[in-house]
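The values are calculated or read from the model by the stated rules, or taken from the named source; none is laboratory data. What you see is a predicted model; the values in this text were computed from it and never measured. A quick note on method: Cβ atoms are made from the backbone with ideal geometry, for glycine too, and the neighbour counts reach across all protein chains shown.
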Amino acid sequence: MIYVTCRPLALRDLSQIVALDERCFGGLWSQSAYQRERESPNSDLLVLEIEDTVDQTDSLIGVGCLWAILEEAHITVLGIDPAYQRRGLGQWLLTRLLLAASDRGLTHATLEVRQSNQKAQALYQKFGFNVAGERKRYYANGENALILWKNGLQTPEFTKQLSVAQAKLREQVATRGWSVREVLLATEDAQLLPD
């Protein structure tokens with residue numbers, strides 16, 4: 001059986017997360033940056049881990065982080081290992097981040113996305129993000145960033161939308177013979193919710 005677990009980043013993950021960052025973002029954050037985010041009370045730093053119970057292997061395949069700033073969830077990173085993209089895992093991780101934001105009582109979310117990254121823009125639009133502005137030459141290569149914005153994280157309609165999205169994603173992942181697990185507690189020895 002193959003399990004995909006969404007959980008907070010643990011200390012034991014630091015070397016793996018840097019390798020994943022390199023695959024997803026080309027080396028955006030250092031190990032010390034991930035350590036800092038992990039320890040910050042204003043950050044939610046989640047990873048997706050894939051575990052193959054037959055081969056007895058596990059590895060990190062996704063990372064997402066948000067900063068809680070006043071009433072805003074600023075999504076700073078969201079990435080899935082290129083070998084695991086187009087399987088609904090980015091959507092799953094985004095729903096978990098938005099649920100974390102909602103649990104914190106945050107009312108809106110924002111992020112920057114490359115103007116050329118149509119796939120990411122389509123993902124965020126599925127969850128009601130709209131273009132709110134542009135940052136000229138935001139990225140190191142001079143590319144502009146679009147500023148995306150989502151209001152209403154605390155509305156019953158949005159909570160229902162996330163619930164429906166999660167149910168669909170569970171079904172999608174199950175068609176691959178995989179099972180999704182969620183972590184109950186944000187600790188090193190966290191317990192898993194039952195399948």
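Within the stretch 143-155, is there a residue that is in a helix (DSSP H, G or I) and either in contact with a helix residue (DSSP H, G or I) (Cβ under 6 Å, 6 or more places away or on another chain) or of a type outside the set (Lys, Arg) (or both)?
Kept after step one, since they are in a helix (DSSP H, G or I), are these residues of the stretch 143-155: none.
No - not one qualifying residue is present in the stretch 143-155.
Please indicate, with yes or no, whether at least one residue in the stretch 79-91 is within 30 Å of Met1 (Cβ to Cβ), touching a residue at least 24 places away in the same chain (Cβ under 8 Å) and part of a strand (DSSP E or B). Among the residues of the stretch 79-91, at least one is within 30 Å of Met1 (Cβ to Cβ), touching a residue at least 24 places away in the same chain (Cβ under 8 Å) and part of a strand (DSSP E or B), which makes the answer yes. Residues of the stretch 109-118 include none that is surrounded by fewer than 15 Cβ atoms within 10 Å (Cβ to Cβ), closer than 18 Å to Trp67 by Cβ and of a type outside the set (Val, Ile, Thr). With respect to the conditions (1) over 27 Å from Arg7 (Cβ atoms); (2) of a type outside the set (Ser, Thr, Tyr); (3) at pLDDT 90 or above, Ala140 falls short on a single one, namely (3). Looking only at residues that are within 16 Å of the chain's Cα centre (by Cα) and not in a helix (DSSP H, G or I) in the stretch 156-182, which one is nearest to Ile2 (Cα to Cα)? Per the stated criteria, the residue is Val180. Six or more apart or on different chains, Cβ under 9 Å: which pairs go from a residue in the stretch 110-123 that's among the polar types (S, T, N, Q) to one that's surrounded by 14 or more Cβ atoms within 10 Å (Cβ to Cβ) and part of a helix (DSSP H, G or I)? Could you list them? Pairs found: Gln115/Gln121. Only one of the numbered conditions (1) out of contact with any Cys (no Cβ under 6 Å at 6 or more places or on another chain); (2) over 20 Å from Gln16 (Cα atoms) is violated by Pro82, and that is (2).
Selection of strands (runs of 3 or more DSSP E) fully inside the stretch 1-75 by the criterion of at least 3 residues being among the acidic types (Asp, Glu) and out of contact with any helix residue (DSSP H, G or I) (no Cβ under 6 Å at 6 or more places or on another chain) returns 43-52.
The single condition among (1) exposed (fewer than 15 other Cβ atoms within 10 Å of the Cβ); (2) over 24 Å from Gln166 (Cα atoms); (3) modelled with pLDDT of 95 or more that Asn130 does not satisfy is (2).
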